[in-house]
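Participant: Before I ask anything, let me first share the structure, which is written out below as structure tokens.
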Amino acid sequence: MTPPPAVPDLPPSRAPGSDGVIPADAGVFALVATTAEVLAHPELDERLLAPWERRRLAGIRVPGRRDDVVAARLLLRLCASRATGLPPDAVAPAQRCPGCGRDGHGRPYLPDHPALGASLSHADGLVAAAVGPGPVGVDVEPLTRRPGPPPVLRRLLPPDAVDAACAAPDPGPALLRLWVRREALFKAGFAAGAEGGPGPGETRLTEWTDHRRAAVVALAYADGLPGRPLSPGPAPPSGR
Ligand SMILES: [Zn+2]
């Protein structure tokens, strides 16, 4: 086993001017990296994780998957640090499940920054995270992944889009792009129609291929909603 390369900082996932660039005024901090890059990052260390996160790690038996989960959680801290100006050890993400309402799993959020949305993703040595004003959702998948089969995808994705992708000579890449877009929208709360999620016309969805890391990435974020609260947090001060 060779140690991960020492990486002083994460190379950008997208070339400036390429498709998928997030407008600077959107205020969204999204990072994509390999798990090895994150674990070698000088600002990040597994000791930053909270006790509840480390307890969950103990249940993961596959070492590579454990590393992916650690890296995704650390990358979320780095995004939160970039978004707030605080050091990574001063931002403490939490998770709350929209289904059962319990803490410790489900959608990530920043309890100390209820106006910011947060999202993370990991898959086979790749990780992505995003923090921004309002709902955000990010998904990363290996470029070689082939979601399917099509009958299952037709239940989860727009059937017309699945049929159009399947009509191509090689449907795999198009189906993968549809898949990451759906996942990003779902995590932002758009597809789920979750309370506090963005409504139609308020969602921006961008997707790109990171050839350096052999990854396909999608990012969903709210448009024009600076400071809109979406996460569980203290009620805003109010005279009423
Ligand atoms: Zn739950």
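The values are calculated or read from the model by the stated rules, or taken from the named source; none is laboratory data. Note that this is a predicted model, so its numbers are computed, not measured. Note: accessible area is taken over every heavy atom of the protein model, side chains too, but ligands, DNA and RNA are not part of it. Shrake-Rupley method; radii C 1.70, N 1.55, O 1.52, S 1.80 Å.
Participant: Which three numbers, in whole Å and largest first, are the semi-axes of the equivalent ellipsoid of segment 151-192 derived from its Cα gyration tensor as √(5λ)?
Facilitator: Calculated on Cα positions only, the semi-axes equal 20, 11, 7 Å.
Participant: How much length, in nm to one decimal, is gained on full extension between Arg155 and Ala36, taken as 0.36 nm per residue of separation minus their Cα-Cα distance?
Facilitator: Values: separation 119, 0.36 × 119 = 42.84 nm, distance 3.48 nm.
My answer for the length gained is 39.4 nm.
Participant: Where only protein heavy atoms count, and the probe is 1.4 Å, what is the accessible area per residue for segment 123-196 in Å²? Don't skip to the answer; put the middle values down first.
Facilitator: Numbers: 3300 Å² over 74 residues.
Accessible area per residue: 45 Å².
Participant: A follow-up question, please. Can you give me the % of accessible surface on segment 68-150 that is carbon or sulfur? Probe 1.4 Å, all protein chains present, nothing else counted.
Facilitator: Carbon-and-sulfur percentage of accessible area, whole number: 52.
Participant: When a/c reaches 1.5 or more, the comparison of a/b and b/c decides; with that in mind, is segment 102-192 rounded, prolate or oblate per its Cα gyration tensor? If you can, show how the numbers build up before the last one.
Facilitator: Details: a/c = 2.68, a/b = 2.05, b/c = 1.31.
Verdict is prolate for segment 102-192.
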